[in-house]
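Presented below is the structure to which this report refers.
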Amino acid sequence: MSTVQTLDRAGIAERIPHRGSMCLLEKLESWDAQRIHCSTTTHRDAGNPLRTASGLLAPNAIEYAAQAMALHGGLTASAGQAPSAGYLASVRTVRFGVDRLDQVEGAMQVHAHRLSGDERQVLYEFSVQGADGRPLAQGRAVVVLNTPLASMEGTQ
């Protein structure tokens with residue numbers, strides 16, 4: 001397991017596939033083999049790439065949580081082992097406490113808890129909270145690992 005305890009945005013961007021403004025997390029607050037806690041204020045940024053004319057809508061909290069899960073996977077990879085490529089396969093029992101994230105004051109707190117998993121898929125429970133602890137979003141997500149996408153060559 002890595003000895004990294006905290007990271008800033010640049011350190012996070014080195015460990016997840018998202019770059020530039022699409023790296024939404026700004027700080028790794030803490031982590032262990034089962035859990036990760038990150039924080040960010042990028043939800044308030046007018047240049048947030050997920051923001052629409054209606055603002056940064058609550059379902060985008062899932063992307064914040066997915067980035068925390070990706071970072072967790074990278075941090076828990078065995079020494080010398082590259083993190084597994086993965087994608088969010090499903091989200092379940094998602095509940096939102098707000099309509100828009102861009103109206104939330106202070107730093108959002110992004111938590112993910114690995115409930116189970118193997119080399120093919122991982123089940124996480126996640127929550128995104130306001131700085132005051134108010135629930136903004138919560139649910140469960142399945143991340144599928146090491147699954148190549150089907151080739152489209154030769155198909156018509």
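The values are calculated or read from the model by the stated rules, or taken from the named source; none is laboratory data. What you see is a predicted model, and the numbers here were worked out from it, not measured in a lab. Don't worry about glycine lacking a Cβ; one is built from the backbone with ideal geometry, like all the others, and counts go over all protein chains shown.
Right, Ile36: over 24 Å from Arg134 (Cα atoms), among the β-branched types (Val, Ile, Thr) and buried (at least 18 other Cβ atoms within 10 Å of the Cβ) or not?
Numbers: over 24 Å from Arg134 (Cα atoms): no; among the β-branched types (Val, Ile, Thr): yes; buried (at least 18 other Cβ atoms within 10 Å of the Cβ): yes.
The answer is no for Ile36.
Got a sec? Which of Arg114, Arg92, Arg120 is at pLDDT 95 or above, of a type in the set (Lys, Arg) and over 22 Å from Glu14 (Cα atoms)? Steps first, answer last, please.
Working: Arg114 fails: over 22 Å from Glu14 (Cα atoms); Arg120 fails: at pLDDT 95 or above.
From the options Arg114, Arg92, Arg120, the qualifying one is Arg92.
Just checking, how many residues over region 38-69 are without any contact (Cβ under 8 Å) to a residue 60 or more places away in the chain and among the hydrophobic types (A, V, I, L, M, F, W, C)?
6
Can you tell me which condition Arg44 does not meet? The list is (1) touching a strand residue (DSSP E or B) at 6+ places or on another chain (Cβ under 6 Å); (2) crowded, with 16+ Cβ neighbours inside 10 Å; (3) among the charged types (D, E, K, R), and all the others hold.
If we test Arg44 against (1) touching a strand residue (DSSP E or B) at 6+ places or on another chain (Cβ under 6 Å); (2) crowded, with 16+ Cβ neighbours inside 10 Å; (3) among the charged types (D, E, K, R), just (1) comes out false.
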